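Take a look at the structure set out below.
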């Protein structure tokens, strides 16, 4: 007959270490005050007993799970993988865990949020995902703060944190103009997304401010993917339009455009067509691309997003629906002609 194993508890650890049960709890609680010698004694006892603290049980008593839900709506853009890595790193440093929920492109996040609420999470971060006002209210009613990351959702009364996308688009427009471009293709992303729209708006502002006509810019849908960037480039070239410059509103779009220009149409970048992107994902700096782009300040954006969650002050309540825009940085590489552009 198989012997039933008994689960080791904090009481067992406390007895072996010769400390109180509350000391064991503090030893495994990030940020709790406890003497280092006592902590080491408790960890040594825990190792001997193969003890692992039960986070869910602790959450029942403290009403805090130390879990932050990240709802991801675009898995095709490597930028969001960068952001998820940074969220995991920064949350881990303060004793929290990230729980990722993925939704399909353009799918409303409400179904995922219903699953999120089952985990008694301490906060929700929406990364390029949609959410209804009803679901936002449900989170707020439960004291769960919601923050939008890299997207502004005006209909939701939640804080948002993003790069200054409009100014980034403006900087790239001015860089193309300084390099002599007079006709432009913009390969856009989600037509309903503030991120794409703000970048397009900033780029258009720069071109029109230079006195060029509106029809010098043509807009193509690229769906925020590599494949979308390639398809939009084919549509553009085979439709008889070969611009001086192409702005892909995300690096992954611009990279699809570069490969299509180079390998399908034997056009040189930047000699025949100049290209720029946005995000500065690691792949954009590799030799086949060497893409000029705007670097999103991911670390600062993630840090500000986590601050909006008030994880150490849960009684503070939900913050105001303010939009934070953090400036990006121009990364000059090889896909725009001329000397390095310096915006004024």
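Some notes on this structure:
- Considering only residues in the stretch 27-46 that are under 20 Å from residue 97 (Cβ atoms) and surrounded by fewer than 17 Cβ atoms within 10 Å (Cβ to Cβ), the one that is modelled with the highest pLDDT turns out to be 43.
- Residue match in the stretch 223-233 (condition: farther than 30 Å from residue 81 by Cα and assigned to a loop (DSSP other than H, G, I, E, B)): no
- When every residue of the stretch 210-219 is checked against the conditions, none turns out to be closer than 24 Å to residue 76 by Cα and free of Cβ contacts under 8 Å to residues at least 24 places away in the same chain.
- Of all residues in the stretch 242-257, one or more are more than 28 Å from residue 75 (Cα to Cα), touching a strand residue (DSSP E or B) at 6+ places or on another chain (Cβ under 6 Å), in a loop (DSSP other than H, G, I, E, B) and at pLDDT 95 or above.
- Candidates in the stretch 197-212 are the residues that are in contact with a strand residue (DSSP E or B) (Cβ under 9 Å, 6 or more places away or on another chain) and part of a helix (DSSP H, G or I); of these, the one that is nearest to residue 323 (Cα to Cα) is 198.
- Of the strands (runs of 3 or more DSSP E) lying entirely inside the stretch 259-344, those containing at least 3 residues that are touching a helix residue (DSSP H, G or I) at 6+ places or on another chain (Cβ under 8 Å) and surrounded by 14 or more Cβ atoms within 10 Å (Cβ to Cβ) span 274-276, 323-326.
- Helices (runs of 4 or more DSSP H) within the stretch 110-196 that include 3 or more residues out of contact with any strand residue (DSSP E or B) (no Cβ under 6 Å at 6 or more places or on another chain) and under 30 Å from residue 247 (Cα atoms): 165-178
- So residue 180, is it without any contact (Cβ under 8 Å) to a residue 40 or more places away in the chain, surrounded by fewer than 16 Cβ atoms within 10 Å (Cβ to Cβ) and either over 30 Å from residue 148 (Cα atoms) or touching a helix residue (DSSP H, G or I) at 6+ places or on another chain (Cβ under 7 Å) (or both): no
- The residues of the stretch 229-258 that are closer than 19 Å to residue 194 by Cβ and out of contact with any helix residue (DSSP H, G or I) (no Cβ under 6 Å at 6 or more places or on another chain) amount to a single one, 250.
- Scanning the stretch 47-63 turns up no residue that is at pLDDT 80 or above and under 36 Å from the mean Cα position of the chain (by Cα).
- Residue check for residue 79: more than 15 Å from residue 305 (Cα to Cα), at pLDDT 90 or above and either in contact with a strand residue (DSSP E or B) (Cβ under 8 Å, 6 or more places away or on another chain) or surrounded by fewer than 16 Cβ atoms within 10 Å (Cβ to Cβ) (or both): yes
The values are calculated or read from the model by the stated rules, or taken from the named source; none is laboratory data. Because the structure is a prediction, the values reported are computed rather than measured. Cβ coordinates were reconstructed from backbone atoms using ideal geometry, including for glycine residues, and neighbour counts include every protein chain displayed.
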